[in-house]
1. Net charge around B:V260, counting only other residues with Cβ within less than 12 Å of its Cβ (Lys, Arg = +1; Asp, Glu = -1)?
2. Enter the mean number of other protein chain beta carbons within 10 Å of the beta carbon of each residue in A:1-10, as an integer.
3. With a cap of 16 neighbouring Cβ atoms within 10 Å, and only residues DSSP puts in a loop, list the GluC sites (Glu not before Pro) found in region B:291-391.
4. Computed FRET efficiency, Cβ-Cβ of B:N104 and B:D142, R0 30 Å: what is it to the nearest 0.05?
5. If the elastic network links every pair of Cα atoms under 10 Å, which of B:I214, B:I63, B:I147 fluctuates the most in the Gaussian network model of chain B?
6. Considering only DSSP states other than H, G, I, E and B, which trypsin sites (Lys or Arg not before Pro) in region B:223-326 qualify as loop sites with at most 11 other Cβ atoms within 10 Å?
7. Take B:H41, B:H139, B:H279, B:H149 and order them by how many other Cβ atoms sit within 10 Å, fewest up front.
8. Over 10 Å intervals from 0, what percent of Cα-Cα pairs in the protein assembly as shown sits in each interval?
Amino acid sequence: MEVTDTKKGDYLVINLSGRLDTSNYGELEKKLIGFIEAGDKKIAVDCSGLVYISSSGLRVLLMALKKITAAGGKFHLCCLQDNIREIFEIAGFTSIFRVFDTLDEATA
Amino acid sequence: MDDQFNVKIMVVDDEVDLEPLIRQKFRKQIRTGEYDFVFAHNGLEALASLIEFPDIGIILSDINMPEMDGLTLLTKLKELKNPSLKTVIVSAYGDMENIRVAMNRGAFDFLTKPINFDDLEITINKTLEETLIQRKALHEHDQLISIRHDLNVAREIQQGILPKTFPPFPGRTDFEIFANMVAAKEVGGDFYDFFMIDNNRLGFVIGDVSGKGIPAAIFMAVSRTLIRATGLKGMPAGECLQYANNLLCNESVSCMFVTVFYGIMNMQTGEMEYANAGHNPPYVLKKDGTIEMVPSTGDIILGCFDDQPFKSAKIMLSPGDGILLFTDGVTEAFNKADEVYGEERLESLLQTMKDFSANKIVTVIADDVSEYAMGVAQSDDITLLSLKYNG
């Protein structure tokens, strides 16, 4: 998995690519907590390069969503590949997360 | 640096003038805490000091001393078998014979008299470095042992709650049930459970906790207990999950969650009521060999959002139909080419399982997954539960 970040308007955009699973979720967790604690309140996660997510990965996203929402911020997801979207739907996450088709919409 | 990496240096010499000399020469290092000296005047005192100061890592010892000489001390030190305790021997110039004996008895290095303090400093630093590396390695080794211990505890919790006697209800011919979990090396949090609610209704559960280790194992045990306790009261499937969810939300540390499918099979009517908290939809294996997915209820995982409603849905089974519950360790097993096992492969396998017993269904799928993933470390628990309704 690779995690990179850029700025787009008000939003901090995090690009995820590769596989987010038990072997590397800790890395993303640390980064996200770092951003949130540093005061980033608008985060958009671009999942266009994400090919697999395990339940540990879902937990990290959930944790970030909860922390940011509690701080009055926004945590958006966009560009989910079909298999990732399916996992989100099965887990019932599409009703909890705000999921957008494009990065532009996610950072609007 | 951690306390355990603070290393004391013990100087063993019957020459009483040596102590003030060393304290004077290394006063800077002593002041900054870089060096920390202990002094002994013969081998026996040295051994006593080792007990008093377990953080001694370097011994700088003379050879000729009363009570116990340096070479005997070396023999005693060897018996301690402490790889992070290094001895540097100080001998008379040109005394090759004693130096050879000292090295053969496990001395790390030697110095000759009169002591050149620059050389002594280099030797101390070199030895310190070596000792620190050894201590760190030892520390990491101990940590690994304790992690392995943790994993064993987690595995015991997990294994302890799974029903393992099959058939579990030997007198009953109206249904068969079989389940199996193959745990991954790193303990995950899969579980299954089943229980008779009354004479006609069987409750059955499959779940997958996110996360690993002891916290996941405890979360799993709590989830299973909550669902079983509410299930046994005969509450509708959705209400059971809702109740469990509210209690789990209090338990959940950093958003640990569990996906659960809970079904209630009425053996008299063939009706299966179910609720699904974010779990992979199970399959219905029809008597004629076709398969169907159990329709989703769209409800979210347990343990993260309280006061969520959970829906109960119903489907009808006919005698000869079966249900297969599984966790994503099945469909997300990877092969050597880094491809997932996938639902398609599972579905086509299921289509060959007309008239299979519950036991055979589980066994054949588990074998197929393990064959597919041959040579790749299993990253997630693989759990299967099969229920066959005979009517």
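Read-outs throughout are calculated quantities, based only on the coordinates presented, and are distinct from any laboratory measurement. As the structure is a prediction and not an experimental result, all values here were calculated from the model. Here the Cβ is made from the backbone with ideal geometry for all residues, glycine too, and neighbour counts use every protein chain on show.
1. After counting each charged neighbour, the total is -2.
2. Counting Cβ atoms of other protein chains within 10 Å of each residue's Cβ and averaging gives 0.
3. B:E339
4. Approximately 0.50, to the nearest 0.05.
5. Checking each option, the largest mean-square fluctuation is seen for B:I63.
6. Loop-located and lightly packed - B:K233.
7. Ascending Cβ contact count within 10 Å gives the list B:H149, B:H139, B:H41, B:H279.
8. Bin by bin from 0 Å, the calculated values are 4, 16, 20, 15, 11, 11, 11, 8, 3, 1.
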